[in-house]
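Data first, discussion second: the structure below is written as structure tokens.
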């Protein structure tokens, strides 16, 4: 599994600048603590380059991926800019209310590898923070970038147990968790859920 996850991450290198631009659009800020989660990280490198965020961390799982991320950061001279923290799908070790932007690629599609924990995501987000979770090339990635890697990406996803899901299935899942008020499903450039941790009234009155 680790070898396939590593290959996907390397294969998607040409996509990351465009995906990072899409994420930055959704986020709408240039400051804040940025956390990319899981076995499919890479957009964070270009968020650093594009100066979206003021601190950066990869929350790595499953065990073993942290060595890969550390090596990739070394290739980019980003070891001092991006921290790697081993974690779990429940975001163990990530403090409450500490993240302004959370990216979780693959979050909806790999039930044999992990289950997205919506409450854990909301737990670590600061009030007013944004989570961008799901999958796809992003709305800015041109066909000329997608075409050369699409077949191999599809094959690797299949080998990793990717399951296709629909908007209706995601909506029903969110409804069972009583989260529809803070979540938007977007289908441009993939299938993503954008979670906003709503600011409490008490926070605006202090």
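Only the coordinates and a few stated rules stand behind these numbers; no lab work does. Model, not experiment: these values are computed from the prediction. Glycine gets a Cβ as well: all are built from the backbone with ideal geometry, and neighbour counts include every protein chain shown.
Observations
- On a per residue basis, the convex hull of the C-alpha atoms belonging to the chain measures out at 118 Å³.
- The chain - mean residue ellipticity at 222 nm from DSSP helices (-39,500 (n - 2.57) per run, n ≥ 4, rounded to 500): -11000 deg cm²/dmol
- Shape of region 13-122, Cα gyration tensor, a/c cut at 1.5: rounded
- Shown for 88, 112: other C-beta atoms within 10 Å of each C-beta, ranked fewest to most, produce the order 112, 88.
- Using a Gaussian network model of the chain in which every pair of alpha carbons under 10 angstrom is joined by a spring, one finds that among 165, 37, 124 the greatest mean-square fluctuation is at 165.
- Candidates 166, 52, 115, ranked by Gaussian network fluctuation over the chain, Cα under 10 Å, top entry: 166
- Counting neighbouring Cβ atoms within 10 Å and putting the fewest first, the residues 182, 30, 60 line up as 30, 182, 60.
- Whether region 89-186 is rounded, prolate or oblate, judged on the alpha carbon gyration tensor where a/c under 1.5 counts as rounded: prolate
- Top of 78, 195, 65 by mean-square fluctuation, Gaussian network on the chain, Cα under 10 Å: 78
- The ranking of 185, 8, 193, 103 by Cβ neighbour count inside 10 Å, starting from the fewest, reads 185, 8, 193, 103.
- Cα centroid separation, region 121-163 to region 88-115: 14 Å.
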